[in-house]
Amino acid sequence: MEGYKKKIFYLILSLAGFCLLIASVASAAESPILSVSPAIGTFVVGSTFDVSLFLDTKEESVNAVAVYLSFPPDKLQLVDRFSEKSAVEFWVVPPRFNNQRGTIELQGGIPGGLKAEKALIAKFTFRVSALGRGALKFLPDSKVLLNDGKGTDALGRVDNGGYSFILPPPLGPMVVSETHPDQSKFYSNPTVILKWANNRPTDDYSYVINDEPVDAPDDISEGIKTETVYKNLSDGAHYFHVKALRDGAWGGITHFAVNVDGKPPAEFLVDILPSRRTAEKNLIVKFATTDALSGLDYYKLKIIPLNAPCEAVGCQEFFIEAQSPYISRELELGSYDVIVRAFDKAGNYRDSVTNFKIVKPVFEIISNEGIRIKDILTVSWMWVWIVSGILLIVLSFAAWKLKRWYDSIEQKRTGKDLPDLVKEKLEELKKYKNKYGRTLVLLFIFGGMMFGGHYVLAGIELGPPLVTNISRNISNEEIFYIGGRTEAANTTVIIYFQSLQNGETLSETVASNNRGEWFYRHNTFLTSGDYLLWTQGKLGENMSPPSPQINMTVRPTALQFGASRISYEVLYLIVIAALVLIFLGLVVYTIFHARRARRHYKLFKKEVGEAEEAIRRGFALLRRDIQEELAIIKKAGMNKELSHEAKEKEAQLLEDLEKVKNYIGKEVFDIERIGYLE
């Protein structure tokens, strides 16, 4: 019954939430709207067009508006604004604009409120200054305030405008370009070939190329030729203008846009998550960059294994198109390079290379089995708890011993060290023995111990292949790779690498694809040392000159014994394991000898007590002897007066007797009070 009530409660709650959602959507749909008209359109470069700003109050009473707009200043310029027929009765901030930043701002009031479906707020006149696309957008600070005495912002929606800007239709010869055919696209080629034709007989042509979208060539003839080539054009938008002379009169003008972008995207970094050294086999690759002119188009990515031949790990032979973040397939253990290639819309690209390594986890938890250590040993959960308990006990015992040691040192610091006192009393007793002829024999045995431990195109002359990717600094347990581009497709690339240690030179060949891209990956590991690399292209019988030499270093990060190699990581693991065993041995050794020291300490304490008692008895006997000798002297003094020597001896005996009495009383009391604590 209780469960049934809960279900009813949750059902009612869900229905209430759904109703609130519908109500909020309906409310938003009935809120005031700001819009521009026309919302879309195509306009010719150099022409002007008007855009009107409207307010739909949606039956709400509105008494104030604040509108902020943005437009692309590189393609549009605001040349006029007027608001004589505006629904706004007074302006707090009259319509104003900034053609450098591309912004428009206006704020006005409507006393008494306004209800209208299409109230004109303002009208703007723009001039098209460049080819392309642009948008007129409302900024987030725009507001529509209700006539409710509270100034409530009720703006529910904005409708932006999107426009296309084109060149005027050709009024002169028809122009085409085999290198830059699309006037709206950017191309990386700075050499432009332009051709034109006229369907009527023509005497001469005049043409010019500049950065003005609409311009007129001068009336000086350039000849009758119908083709021209412009080389090394700068990056940006260029416009070709041409007109024809017929029967002594110049005809209409044709404008043709040429867009050049020879620069690659901006440099960028590649992030590897969770880290560049990890035990995770599915990694996340993050990357991002920008392009100033043509804009960024897409990314390609390639992951290159460095620790094994392609036959063993299955190399990714080609670049694949990817987006950030990119999640890799499951990778094997080893070192890898990831190359991210960013392309702009002109076809330029820039590479960013990052190295990462997938290693074995030191500890891997297997829920049903236990803890796996480096694929060497799996410790069951029972032994995990047993070992954990033992370690806890050992650490607790060590902490207890340290506390006792501290207490002992503190007590010795504030008290007396009894063994030294015993020695002092023994020396005092020997002195009196020698003086009075009594023999006392005491034996003392004491021992101590201490230890410590210390704990990686074909043409007249074929140009050399261009190198764009190379594993310049690698270790002798990582695979070498190199890649780049050739001027002509399907060119044979010869790769030379020379060892600077012994002068040996090796060469390998690879062919570029139909886009001129080539890539080579060595099948084995290179010997550590310094190398010189260079490339040379071959197309048919033509050989290119050698490319510039590249220095490369192969670091020694593995020991090699014939065909076998041991990485330093394995060596480190062995050393760490040995240190752990030594540490455990020292712990056992410490505990063992601590127990022995404790037993010896108890025996020593007992012997110290016996020594104290023997000394006390020795002093008691000594007192008796002194008293007897004093008695003899006194008895002799009854019959006759004592000599001067006898008096001095009596005085000395009395003084010694007083000292002995103090030893017998005071020192035994000190022994019992001080003791010898740990």
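The values are calculated or read from the model by the stated rules, or taken from the named source; none is laboratory data. Predicted, not measured: the structure shown is a model, and the values here were computed from it. FYI the Cβ positions are ideal-geometry reconstructions off the backbone, even for glycines, and counts take in every protein chain you see.
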Exercise for the section: Of the conditions (1) surrounded by 15 or more Cβ atoms within 10 Å (Cβ to Cβ); (2) under 30 Å from Met174 (Cβ atoms), Asp337 clears all except one; give me its number. Expected result: (2)
Exercise for the section: Among the numbered conditions (1) of a type outside the set (Asp, Glu); (2) assigned to a strand (DSSP E or B); (3) more than 52 Å from the chain's Cα centre (by Cα), tell me where Gly172 comes up short. Expected result: (2)
Handout entry: Identity of the residue in the range 265-301, of a type in the set (Asp, Glu) and assigned to a strand (DSSP E or B), that ends up nearest to Arg350 (Cα to Cα)
Key = Asp297
Problem - Residues satisfying the stated conditions in the range 125-145, i.e. in a strand (DSSP E or B), over 30 Å from Phe186 (Cα atoms) and not β-branched (Val, Ile, Thr) - result: Lys143, Leu145
Practice task
Might you check whether a residue that is farther than 24 Å from Gly46 by Cα, acidic (Asp, Glu) and modelled with pLDDT under 90 occurs anywhere in the range 282-292?
Solution key: no
Exercise for the section: Output the residues belonging to the range 209-247 that are within 18 Å of Pro190 (Cβ to Cβ) and either assigned to a loop (DSSP other than H, G, I, E, B) or among the aliphatic types (A, V, I, L, M) (or both). Expected result: Ile209, Asp211, Val229, Lys231, Asn232, Leu233, Ser234, Asp235, Ala237
Fill in the blank from the handout: For Ala122, the lone unmet condition from (1) in a strand (DSSP E or B); (2) more than 17 Å from Val93 (Cα to Cα); (3) modelled with pLDDT of 90 or more is (2)
Handout entry: Listing of strands (runs of 3 or more DSSP E) fully contained in the range 41-112 that carry 1 or more residues being of a type in the set (D, E, K, R) and modelled with pLDDT of 90 or more
Key = 48-56
Exercise for the section: Please find, within the range 146-164, the residue that is farthest from Ser184 (Cα to Cα) out of those that are in a loop (DSSP other than H, G, I, E, B) and polar (S, T, N, Q). Expected result: Asn147
Practice task
Scan the strands (runs of 3 or more DSSP E) fully inside the range 325-438 and keep the ones with 3 or more residues being modelled with pLDDT of 85 or more and in contact with a strand residue (DSSP E or B) (Cβ under 8 Å, 6 or more places away or on another chain).
Solution key: 334-344, 349-358
Fill in the blank from the handout: Counting only residues in the range 308-324 that are polar (S, T, N, Q) and within 24 Å of the chain's Cα centre (by Cα), the one modelled with the highest pLDDT is identified as Gln323
Fill in the blank from the handout: Scanning the range 270-289 for residues that are within 13 Å of the chain's Cα centre (by Cα) and buried (at least 18 other Cβ atoms within 10 Å of the Cβ), the one nearest to Ala342 (Cα to Cα) turns out to be Phe287
Problem - Residue match in the range 543-556 (condition: surrounded by 19 or more Cβ atoms within 10 Å (Cβ to Cβ), in contact with a Ser or Thr (Cβ under 8 Å, 6 or more places away or on another chain) and among the β-branched types (Val, Ile, Thr)) - result: yes
Practice task
Return the residue satisfying two criteria in turn: it lies in the range 248-264 and is modelled with pLDDT of 90 or more and not in a strand (DSSP E or B), and of such residues it is surrounded by the most Cβ atoms within 10 Å (Cβ to Cβ).
Solution key: Asp261
Problem - Of the criteria (1) outside the structural domain of Arg246 (by TED's automatic domain parsing); (2) more than 17 Å from Ala66 (Cβ to Cβ); (3) modelled with pLDDT of 90 or more, which one Ser142 fails - result: (2)
Exercise for the section: Answer with yes or no whether Lys115 is under 30 Å from His255 (Cα atoms) and either modelled with pLDDT under 90 or surrounded by fewer than 19 Cβ atoms within 10 Å (Cβ to Cβ) (or both). Expected result: no
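Matching residues to (1) surrounded by 11 or more Cβ atoms within 10 Å (Cβ to Cβ); (2) modelled with pLDDT of 85 or more; (3) assigned to a helix (DSSP H, G or I); (4) of a type outside the set (A, V, I, L, M, F, W, C):
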site	(1), (2), (3), (4)
Val510	yes, yes, no, no
Tyr520	yes, yes, no, yes
Tyr531	yes, yes, no, yes
Leu559	yes, no, no, no
Arg565	yes, no, no, yes
Val580	no, no, yes, no
Ile591	yes, no, yes, no
Lys605	yes, no, yes, yes
Problem - Matching entry among Ser35, Ser47 (being more than 18 Å from Lys115 (Cβ to Cβ), of a type in the set (S, T, N, Q), surrounded by fewer than 19 Cβ atoms within 10 Å (Cβ to Cβ) and not assigned by TED's automatic domain parsing to the domain that holds Glu212) - result: Ser47
Handout entry: In the range 172-190, the residues that are over 18 Å from Phe343 (Cα atoms) and of a type in the set (A, V, I, L, M, F, W, C)
Key = Met174, Val175, Val176
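How many residues does the range 193-208 hold that are of a type in the set (D, E, K, R), part of a loop (DSSP other than H, G, I, E, B) and surrounded by 11 or more Cβ atoms within 10 Å (Cβ to Cβ)? Lay out the reasoning, then the answer.
To start, the set of residues in the range 193-208 that are of a type in the set (D, E, K, R) comprises 195, 200, 203-204.
Checking which are part of a loop (DSSP other than H, G, I, E, B) leaves us with 200, 203.
Cutting the leftovers down to surrounded by 11 or more Cβ atoms within 10 Å (Cβ to Cβ) gives us 203.
Going through the range 193-208 one residue at a time, the tally reaches 1.
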